[in-house]
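Since the structure comes first, as structure tokens, the remarks are kept for the end.
The values are calculated or read from the model by the stated rules, or taken from the named source; none is laboratory data. No experiment lies behind these values; they were computed from the predicted model shown. Positions of Cβ are backbone-derived with ideal geometry, glycine not excepted, and every protein chain shown enters the neighbour counts.
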Amino acid sequence: MKRWCCWLLLLCSTAWSHPLIKVGGYPYAPFVVKEGDNSYRGLTLDLIAELNEIQRDVRFVFVPTSASHRYQALALGRFSLMLFEDIRWDWNADQIRMTRPLLLGGEIYVALKAPGRDQSFFEHLEQRRLIGVTGYHYGIADFNATPEELKQRFDITLVKDNISALQGLFKGRGEVAMLNLSYLNQFSKQYPQQAARLLRSDKWDQQYELRALLSPTASVSASQLEAWLAALQSSGRLTRLWTKYGVQHQAAP
């Protein structure tokens with residue numbers, strides 16, 4: 001019995017000795033979705049689960065944050081990794097490490113269809129009532145996410161996440177919402193009748209390359225993370241994950 005207890009204690013100690021990699025994330029469908037009971041789901045959390053399955057060197061755990069506070073939280077060490085970020089979203093390339101792009105994509109302008117409304121509706125957006133998300137960066141604003149400056153330049157309503165932005169559009173709280181293509185494609189698949197009411201712009205607000213960003217103090221390197229992602233790709237698990245969330249056509253080459 002004593003030998004069994006010692007073996008069990010050794011096993012537990014070994015498991016606990018593995019570095020814990022905290023992964024920050026904020027509501028940004030389909031990557032992170034906050035449920036009504038304050039739980040989280042989405043592509044980011046599924047990828048974390050896959051990374052934990054593919055290796056036993058470290059343990060990845062999700063840590064919620066907000067779009068506005070993610071920079072300070074990373075600097076303070078509340079987490080050391082973020083998935084699906086674009087370097088232009090106010091990140092300092094000299095102060096972080098990054099992987100190669102994981103997904104390509106972008107944001108477009110979306111309005112409700114109406115008689116006589118066509119692509120010309122998106123030509124003078126400074127004259128439209130816009131809906132955006134607090135803490136998000138938009139090309140139309142030169143990637144300046146400061147709420148006060150956005151409201152000085154545009155007639156814009158800021159909401160908590162992109163799901164709320166689309167809901168606000170349906171409720172008439174604005175004329176044009178800025179939404180990421182991956183979320184729109186997933187929404188169209190789940191709610192085709194509602195999606196048929198939407199007029200999508202032909203022009204981009206921005207196109208981006210979504211990467212994993214790591215703190216210099218992270219217990220894992222960008223190259224090691226890329227190796228685990230490559231293993232997921234080789235096994236087909238990453239492709240299945242992309243397909244589940246409708247982003248398979250946005251996978252970076």
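Screening GLN119 on (1) touching a Lys or Arg at 6+ places or on another chain (Cβ under 9 Å); (2) touching a residue at least 60 places away in the same chain (Cβ under 8 Å); (3) crowded, with 16+ Cβ neighbours inside 10 Å shows it passes everything except condition (3). When ILE156 is tested against the conditions (1) touching a residue at least 60 places away in the same chain (Cβ under 8 Å); (2) crowded, with 20+ Cβ neighbours inside 10 Å; (3) not assigned by TED's automatic domain parsing to the domain that holds LEU47, the lone failure is (1).
Every condition in (1) loosely packed, with under 14 Cβ neighbours inside 10 Å; (2) touching a helix residue (DSSP H, G or I) at 6+ places or on another chain (Cβ under 9 Å); (3) within 21 Å of ARG70 (Cα to Cα) is met by THR217 except one, and the failing one is (2).
Residues of the range 224-253 that are touching a strand residue (DSSP E or B) at 6+ places or on another chain (Cβ under 7 Å) and not β-branched (Val, Ile, Thr): LEU225, TRP242, GLN250, ALA251, ALA252. With the structure loaded, tell me whether GLN194 is among the polar types (S, T, N, Q), touching a residue at least 12 places away in the same chain (Cβ under 8 Å), not in a strand (DSSP E or B) and not assigned by TED's automatic domain parsing to the domain that holds ALA75 or whether it fails that test. So GLN194 passes the test.
Okay, residues lined up against (1) out of contact with any Leu (no Cβ under 8 Å at 6 or more places or on another chain); (2) at pLDDT 95 or above; (3) more than 30 Å from GLY106 (Cα to Cα):
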{"residue": "LEU10", "(1), (2), (3)": "yes, no, yes"}
{"residue": "PRO19", "(1), (2), (3)": "yes, no, yes"}
{"residue": "PRO27", "(1), (2), (3)": "yes, yes, no"}
{"residue": "GLY36", "(1), (2), (3)": "yes, no, no"}
{"residue": "THR44", "(1), (2), (3)": "no, yes, no"}
{"residue": "LEU51", "(1), (2), (3)": "no, yes, no"}
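In the range 27-52, the qualifying residues are those that are part of a helix (DSSP H, G or I) and touching a residue at least 12 places away in the same chain (Cβ under 8 Å), and the one that is nearest to GLY246 (Cα to Cα) is LEU43. Here is the figure for the range 42-89: residues that are more than 17 Å from ILE21 (Cβ to Cβ) and surrounded by 14 or more Cβ atoms within 10 Å (Cβ to Cβ) total 10. The residues on offer are VAL110, VAL159, VAL133, and the sole one that is modelled with pLDDT of 95 or more and closer than 16 Å to LYS203 by Cβ is VAL110. Out of LEU199, LEU213, LEU150, one residue alone is within 25 Å of PHE84 (Cβ to Cβ) and either within 19 Å of the chain's Cα centre (by Cα) or in contact (Cβ under 8 Å) with a residue 40 or more places away in the chain (or both). It is LEU213. Of the residues ARG129, ARG97, ARG153, the single one that is under 30 Å from GLN224 (Cα atoms) and among the charged types (D, E, K, R) is ARG97. Can you tell me which residue within the range 179-191, out of those that are in contact (Cβ under 8 Å) with a residue 12 or more places away in the chain and outside any helix (DSSP H, G or I), is farthest from the chain's Cα centre (by Cα)? By that ranking, first place goes to LEU179. Among the residues of the range 41-68, the one identified as small (Gly, Ala, Ser) and touching a Pro at 6+ places or on another chain (Cβ under 7 Å) is GLY42. Within the range 238-249, residues that are more than 17 Å from PHE187 (Cα to Cα) reach partners that are among the charged types (D, E, K, R) with beta carbons closer than 8 Å, at six or more positions or on different chains, in the pairs LEU238/GLU50.
Could you tell me whether any residue of the range 128-144 is more than 27 Å from GLN250 (Cα to Cα), surrounded by 12 or more Cβ atoms within 10 Å (Cβ to Cβ) and either under 18 Å from the mean Cα position of the chain (by Cα) or hydroxyl-bearing (Ser, Thr, Tyr) (or both)? No, every residue in the range 128-144 fails to be more than 27 Å from GLN250 (Cα to Cα), surrounded by 12 or more Cβ atoms within 10 Å (Cβ to Cβ) and either under 18 Å from the mean Cα position of the chain (by Cα) or hydroxyl-bearing (Ser, Thr, Tyr) (or both).
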